[in-house]
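The next block holds one structure in the form of structure tokens; read it before the comments.
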Amino acid sequence: MVQLVVFDLAGTTVKENFDVQRTLKNAFKKIDIEISIEQASQVMGIPKPIAIRQLLESIKHPSISSGLIQSIHADFVRDMILFYKNDSTVEENEGVSETFQKLKDCGIKVIVDTGFDRPIVDALLQRMAWQENKLIDGSVTSDEVAHGRPHPDMIFKAMEISGVTDVKNVAKIGDTASDMQEGNAAGCGWVIGITTGAFSAEQLAKEEYTHLITKIPEVLSIFGLE
């Protein structure tokens with residue numbers, strides 16, 4: 001029986017129109033480095049400093065340094081916070097609050113995890129109001145654990161927060177390959193890919209999974225809660 005569901009944020013529970021990719025692309029452009037939206041999409045889900053390093057390596061940048069990565073990341077964080085605080089297009093995906101509420105009504109813990117750092121997540125969660133409406137039991141960010149996705153650390157942290165002890169009673173839901181790799185690395189009982197974000201069904205199907213869905217409320221039928 002599922003006791004904890006760990007949901008990703010951007011692209012999974014939060015509506016995504018390549019906003020994160022576009023912000024990352026713009027952070028590179030500020031120092032005269034061009035990357036494409038498609039390249040940015042390939043590194044969605046993982047901790048952003050690691051994503052930035054991978055992108056610099058993929059374009060064979062001649063002088064990759066921690067200072068360069070930190071500079072790009074600082075611009076990205078600042079612009080994502082401004083976006084999540086102020087942009088009129090920021091909203092949850094269809095049926096997310098209702099799904100959270102149904103899970104909570106059934107005694108199932110709900111936690112969100114992400115490749116973002118805490119400052120971005122605080123801005124986003126304030127906008128979504130899930131915490132103040134008691135729809136989630138907590139959140140875990142990639143800068144709060146030793147290793148972000150695709151490692152399982154955030155799942156284990158979510159289990160600590162929620163008091164769930166058996167990972168087979170945990171479901172992981174996300175829109176990227178790294179979400180699914182995270183769930184599999186942890187040994188989650190359910191690893192669910194969703195096609196509302198960065199990766200297509202065909203891309204997600206290359207990973208190990210228990211289910212692929214097209215919208216969040218479908219998880220209720222997976223758990224027999226419709």
Neighbours by Cβ (under 8 Å, 6+ apart or cross-chain): first from region 11-32, free of Cβ contacts under 8 Å to residues at least 60 places away in the same chain and within 16 Å of L82 (Cβ to Cβ); second surrounded by fewer than 24 Cβ atoms within 10 Å (Cβ to Cβ) and of a type in the set (S, T, N, Q): K25/S36
Any residue at all in region 205-220 that's part of a helix (DSSP H, G or I) and either of a type in the set (G, A, S) or in contact with a strand residue (DSSP E or B) (Cβ under 6 Å, 6 or more places away or on another chain) (or both)? no
What number of residues in region 189-204 are assigned to a strand (DSSP E or B) and of a type in the set (A, V, I, L, M)? 3
In region 123-181, how many are without any contact (Cβ under 8 Å) to a residue 60 or more places away in the chain, touching a strand residue (DSSP E or B) at 6+ places or on another chain (Cβ under 7 Å) and of a type in the set (D, E, K, R)? 2
Report yes if F199 is aromatic (F, W, Y) and within 24 Å of Q101 (Cβ to Cβ), otherwise no. no
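Quick note: the coordinates plus some simple rules give every number you see, no bench work behind them. Quick caveat: nothing in here was measured; it's all calculated off a predicted structure. When we count neighbours, we look across all protein chains shown, and the Cβ atoms used for this are built from the backbone with ideal geometry, even at glycine.
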